[in-house]
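A quick write-up on the structure given underneath.
The values are calculated or read from the model by the stated rules, or taken from the named source; none is laboratory data. The structure presented is a predicted model; accordingly, all values stated were derived computationally and were not measured. As a convention, Cβ positions derive from the backbone with ideal geometry for all residues, glycine included, and neighbour counts pool all protein chains shown. Please note that ligands, DNA and RNA were not included when accessible areas were found on the heavy atoms of the full protein model with its side chains. Shrake-Rupley method; radii C 1.70, N 1.55, O 1.52, S 1.80 Å.
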Amino acid sequence: MTAQRQETTRRAGPLTGFTVGVTAARRAEELTTMLRRRGAEVQHAPAIRILPLADDRELFEASRNLADRPVDKVVVTTGIGFRGWLEAAEGWGLAPDLSRHLREARLLTRGPKSTGALRAAGFHEAWCPDSESNSEILHGLLTEGVRGQRIAVQLHGRRMPEFTEQLRAAGAEVIELPVYRWAAPLDTTPLDGLVEAAMNRRIDALAFTSAPAVTSLLELARHTGRWEGLLTAFREHVVAACVGPVCARPLREIDVAVTFPERARLGSLVRSISHSLPQRGKYLRIGGREIELRGQGVLVDGELRSVSPVPMALLRKLAERPGRVVAREELVAALPNGGEKHAVETAIGRLRTALGAKRLVQTVVKRGYRLGMDHSEMLGSRPSS
């Protein structure tokens with residue numbers, strides 16, 4: 001058996017036949033590896049870049065403020081941000097006084113990563129909410145009362161007005177810590193390609209690990225005239241998968257359905273994608289064989305058959321009415337880039353070759369084509385998982 005044949009018929013994993021776009025600027029390799037282990041093809045394009053902390057004048061001024069005067073409470077939202085902040089403070093010569101005031105303050109962490117970073121630096125958290133949400137921290141602070149207190153809030157890549165303004169309205173002095181900032185990538189070519197792939201059905205899911213990455217991708221689509229096309233892709237065939245509710249917010253605000261796990265972890269995100277994508281597959285029984293249409297390929301009796309975009313478009317059209325004849329004119333209209341009847345005939349031939357069984361797609365003379373199902377198979381249902 002040739003290497004090409006082995007690739008064509010490899011046994012399927014939960015994400016075999018699907019392509020996932022990864023937008024992470026950080027830990028992208030880890031996420032990509034987990035997705036590939038489950039069978040996915042991965043297209044990576046970082047949606048943001050993190051700007052250096054040492055050059056951030058606003059963070060320097062806020063850090064000097066905290067080093068000069070004690071603070072009552074500190075809200076730590078991300079582990080990487082907290083570690084970077086301490087490293088920057090060390091470089092500025094502020095670390096000794098800043099650390100002394102942090103030890104005297106009540107430290108609140110949003111989740112396990114921020115808690116771990118805090119403890120690794122020799123500090124101890126006073127509270128970490130079970131929900132791992134900023135909203136629960138805010139509710140706790142307002143319930144306790146914050147009038148007259150100095151509270152430092154570590155930002156996570158963008159402003160948090162819904163958090164900081166409520167604290168100020170309740171009488172607190174709030175020091176905002178922009179521990180890292182993001183900007184669009186210097187080279188947007190890979191991200192452009194990811195948007196284009198999503199619009200052209202070459203991507204089945206887009207995975208996001210931060211809200212700024214979502215915002216950056218949406219802004220690029222808007223500025224390049226592909227806003228409506230991207231929204232259509234999200235609403236029709238691309239799964240928007242986020243690591244958690246904070247990350248999902250920019251998409252939910254524009255009425256895009258988002259899937260995210262209960263716990264904001266990369267492993268949980270991959271499991272969520274592994275559950276969501278197969279649910280979108282189309283299951284058929286044709287000529288006694290189990291057929292599953294996936295995003296970028298077809299499983300025939302559990303083995304992947306790679307199908308290129310044009311034949312795949314025709315197969316999706318035939319599968320809309322399993323066993324019914326589809327006229328050549330309808331199939332011409334289904335061609336991704338247009339064409340004519342001869343292009344349909346060529347694509348049907350390629351489809352039969354890819355599926356490895358000519359009988360799966362039948363020619364009905366002078367009428368068109370149909371999937372080769374008998375009456376009992378047409379009445380069948382999707383197999384239980």
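Things worth noting here:
- Extension gain, Glu165 to Arg280, is 37.2 nm, computed as 0.36 nm per intervening residue step minus the present C-alpha separation.
- Förster radius 56 Å - calculated FRET efficiency between Asn200 and Arg147, Cβ distance, rounded to 0.05: 0.50
- Taking label positions 7 Å along the Cα-Cβ direction at both Thr189 and Asp97, the computed distance is 4.8 nm, reported to one decimal.
- Globularity ratio of segment 102-223, using Cα Rg and 2.2 N^0.38 Å: 1.35
- Helix content alone sets the calculated 222 nm mean residue ellipticity of the chain: runs of n ≥ 4 DSSP H residues at -39500 (n - 2.57) each, divided across all residues, give -13500 deg cm²/dmol.
- Modelled this way, with points 7 Å down the Cα-to-C-beta line, the labels at Ser308 and Glu219 are 3.9 nm from one another.
- Per-residue Karplus couplings for segment 277-282, computed as 6.51 cos²θ - 1.76 cosθ + 1.60 with θ equal to phi - 60°, are listed in order as 5, x, 5, 8, x, 10 Hz, Gly and Pro entered as x.
- Inter-probe distance in nm under a simple model that places probes 7 Å from Cα toward Cβ, at Glu104 and Thr363: 8.8
- By accessible area, using a 1.4 Å probe on protein heavy atoms only, the chain has 48% of its surface on carbon and sulfur.
- Gaussian network model of the chain, springs between alpha carbon atoms under 10 Å - residue of Ala198, Ala207, Ala126 with greatest fluctuation: Ala126
- Using θ = phi - 60° and Karplus 6.51 cos²θ - 1.76 cosθ + 1.60, couplings along segment 84-99 (whole Hz; Gly, Pro as x): x, 5, 4, 5, 5, 4, 4, x, 8, x, 9, 4, x, 5, 5, 5
- Sparsely packed GluC sites (Glu not before Pro) within segment 216-263, loop by DSSP, other Cβ within 10 Å at most 15: Glu253, Glu262
- The residues of the chain present an accessible area of 48 Å² per residue when probed at 1.4 Å with all protein chains retained.
- Kirkwood estimate for the chain, i.e. one over the average of 1/r between Cα atoms, Å: 23.7
- Potential extension, Asp72-Asp301 segment - 0.36 nm per residue separation minus Cα distance: 76.1 nm
- Build a GNM of the chain with springs between Cα atoms under 10 Å apart, and of Ala120, Ala319, Ala152 the one that fluctuates most is Ala120.
- Glu329/Thr353 FRET efficiency (R0 25 Å; Cβ-Cβ; nearest 0.05): 0.55
- Fraction of antiparallel bridges per DSSP, the chain only, in percent to nearest 5: 45
- Once C-alpha pairs closer than 8 Å and six or more residues apart are averaged by separation and normalised to the residue number of segment 89-148, the relative contact order reads 28 percent.
- Phi-based couplings in Hz for segment 233-240 (Karplus 6.51, -1.76, 1.60; Gly and Pro marked x): 4, 4, 7, 10, 8, 10, 7, 8
- The lysine pair tally for the chain, using Cα distances under 20 Å and a gap of 8 or more places or different chains, is 9.
- Choice from Leu155, Leu186, Leu118 showing the highest fluctuation, given a GNM over the chain with Cα pairs closer than 10 Å: Leu186
- Under 5 Å between amide hydrogens, built in the peptide plane, is the criterion, and for Val179 it picks out Leu155, Gly157 among residues at least 5 positions away or on other chains.
- Comparing segment 1-155 with the 2.2 N^0.38 Å rule of thumb, its C-alpha radius of gyration ratio is 1.44 (two decimals).
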